[in-house]
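The block underneath contains the structure these notes are about, expressed in structure tokens.
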Ligand code: GLU
């Protein structure tokens, strides 16, 4: 019996793979510090947990409509409408098991076999694989200076088979936050070439230095007709394990998404839907206190990485990653960023993700969703690691 070509061609998620490796080393007694998978270290706020437990106790444990409970979709439409400054029809909102399955579902509904999706490097590790599983081809386009979108490069990458542009701001792994002008020009670009615009906004609440996240849904034009917003509660409300994601889709697509989902998984878990409702109602103060914690963490990570010989990194404006350039160390003892990240793990007990997985070779991504003390200790370990090489 054969394994399908599709399955055989897929490599596992680099972020989850490194995190699993770090966890396995820890289980063997190694004191590994993990800056790998991006997951807030804070617990899910207690009222959100209580809402799910109460839902279970009240017997809310059965199927719901595929797209989600009407009251959750209504509350989400109102909450998102206020944030994005546009009216959102609850019929356009659909709950998904995290952004990961939302991306995949959206691709299934937008792509025919062999069609292409443009992305901007560096990109989240899952995008090329999700496109591949959906039968399409992911075409990563080099960014302009500062890892920002380059419209000329996007135009040059178009083919007759291009159907969508997939963007992510705040960006994982670069931390770049697109401006309103950039978003407007991307919406315009998609309008000119009749593309769907898939916008992953999962880090929308994690923006620093007085900047503001802008959704392409908010910039006018025909955004309402072509933007597919993908986001969730994982990062903002520390709910990674709940799989609390959502899509806001143009009206003509939303029903198709629900039809496809009805054959894949049906609704997301019912207790999670009740938890989402509570996060919308009472999560604000928890989000604000978590946001305050992230700025010193970011500063500690940037300071620590810049203290390493030959390492360069920008100040990220959003998300909770630093993408550091280690090219000064590659080509000799460590042939590439994967070899270097492996050496960090095995010889310094520091887990971080090689940049190549994000379309950023010669870089390594460090998540700073962990206390400052861990970050400082991790950076001391890397300083000693490089000192030992001399
Ligand atoms: N999105 C996070 C990351 O990039 C979590 C792990 C994953 O699903 O990739 O680290």
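The values are calculated or read from the model by the stated rules, or taken from the named source; none is laboratory data. What you see is a predicted model, and the numbers here were worked out from it, not measured in a lab. With ideal geometry, Cβ positions are generated from the backbone for all residues, glycine too; neighbour counts draw on all protein chains shown.
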### Task
Considering only the range 208-299, give the helices (runs of 4 or more DSSP H) lying wholly within it that have at least 3 residues that are surrounded by fewer than 19 Cβ atoms within 10 Å (Cβ to Cβ).
251-264, 270-282
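From the list 114, 81, which residue is over 15 Å from the mean Cα position of the chain (by Cα) and at positive phi? Reasoning before the result, please.
Values: 81 fails: at positive phi.
Selected residue: 114, the only one of 114, 81 that is over 15 Å from the mean Cα position of the chain (by Cα) and at positive phi.
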### Query
Got a sec? Which of 95, 80, 118 is surrounded by 15 or more Cβ atoms within 10 Å (Cβ to Cβ), away from the ligand (no atom under 16 Å from the Cβ) and assigned to a helix (DSSP H, G or I)?
80
### Query
(1) surrounded by 21 or more Cβ atoms within 10 Å (Cβ to Cβ); (2) under 30 Å from residue 250 (Cα atoms): which one isn't true of residue 22, the others all being true?
(2)
### Task
Go through the range 177-206 and count every residue that is away from the ligand (no atom under 15 Å from the Cβ), part of a loop (DSSP other than H, G, I, E, B) and buried (at least 24 other Cβ atoms within 10 Å of the Cβ).
2
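Of these, 95, 107, which one is in contact (Cβ under 8 Å) with a residue 12 or more places away in the chain and within 25 Å of residue 358 (Cβ to Cβ)?
On the way: 95 fails: within 25 Å of residue 358 (Cβ to Cβ).
The match here is 107.
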### Message
Tell me the residue from 355, 359 that is over 26 Å from residue 41 (Cβ atoms), crowded, with 18+ Cβ neighbours inside 10 Å and modelled with pLDDT of 95 or more, please.
### Response
359
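I'm trying to understand the selection: among the residues of the range 142-157, which are surrounded by 19 or more Cβ atoms within 10 Å (Cβ to Cβ) and in a helix (DSSP H, G or I)? Lay out the reasoning, then the answer.
Taking the range 142-157 first, the residues surrounded by 19 or more Cβ atoms within 10 Å (Cβ to Cβ) are 143, 147, 149, 154.
If the condition is that a residue be surrounded by 19 or more Cβ atoms within 10 Å (Cβ to Cβ) and in a helix (DSSP H, G or I), then 147, 154 are the ones that fit.
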### Task
Taking the residues in the range 207-238 that are touching a strand residue (DSSP E or B) at 6+ places or on another chain (Cβ under 8 Å) and over 23 Å from residue 163 (Cα atoms) as candidates, determine which candidate is nearest to the ligand (Cβ to nearest atom).
234
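When you look at residue 68, is it in contact with a strand residue (DSSP E or B) (Cβ under 9 Å, 6 or more places away or on another chain) and either over 21 Å from residue 221 (Cα atoms) or part of a loop (DSSP other than H, G, I, E, B) (or both), yes or no? Break it down into steps so the answer makes sense when it comes.
On the way: in contact with a strand residue (DSSP E or B) (Cβ under 9 Å, 6 or more places away or on another chain): yes; either over 21 Å from residue 221 (Cα atoms) or part of a loop (DSSP other than H, G, I, E, B) (or both): yes.
Yes.
Matching residues to (1) more than 16 Å from the ligand (Cβ to nearest atom); (2) more than 29 Å from residue 287 (Cα to Cα); (3) at pLDDT below 95:
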residue: 1; (1), (2), (3): yes, yes, yes
residue: 6; (1), (2), (3): yes, yes, yes
residue: 11; (1), (2), (3): no, yes, yes
residue: 14; (1), (2), (3): no, no, yes
residue: 26; (1), (2), (3): yes, yes, yes
residue: 45; (1), (2), (3): yes, no, no
residue: 48; (1), (2), (3): yes, no, no
### Message
Return the pair list, or none, for Cβ contacts closer than 7 Å from residues in the range 28-43 that are touching a residue at least 40 places away in the same chain (Cβ under 8 Å) and within 24 Å of residue 202 (Cβ to Cβ) to residues that are in a loop (DSSP other than H, G, I, E, B) and near the ligand (Cβ under 10 Å from one of its atoms), at least 6 apart or on different chains.
### Response
38/172; 38/320; 38/369; 39/369; 40/235; 40/369; 41/369
### Query
Looking at the range 142-165, which of its residues are out of contact with any strand residue (DSSP E or B) (no Cβ under 9 Å at 6 or more places or on another chain) and either touching a residue at least 12 places away in the same chain (Cβ under 8 Å) or under 13 Å from residue 119 (Cβ atoms) (or both)?
146, 155
### Message
Looking at the range 50-59 only, could you name the residues that are under 18 Å from residue 281 (Cβ atoms) and surrounded by fewer than 17 Cβ atoms within 10 Å (Cβ to Cβ)?
### Response
50, 53, 54, 58
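Just the residues that are within 16 Å of the ligand (Cβ to nearest atom) and without any contact (Cβ under 8 Å) to a residue 60 or more places away in the chain, please, taken from the range 323-337.
Taking the range 323-337 first, the residues within 16 Å of the ligand (Cβ to nearest atom) are 323-324, 337.
Once the filter is applied, which keeps residues that are within 16 Å of the ligand (Cβ to nearest atom) and without any contact (Cβ under 8 Å) to a residue 60 or more places away in the chain, the range 323-337 yields 324, 337.
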## Note on the structure
Note: among 73, 139, just one is touching a helix residue (DSSP H, G or I) at 6+ places or on another chain (Cβ under 7 Å), surrounded by fewer than 20 Cβ atoms within 10 Å (Cβ to Cβ) and free of Cβ contacts under 8 Å to residues at least 24 places away in the same chain, namely 139
### Task
For residues that are part of a loop (DSSP other than H, G, I, E, B), farther than 16 Å from residue 178 by Cβ and within 15 Å of the chain's Cα centre (by Cα), tally how many sit in the range 309-328.
1
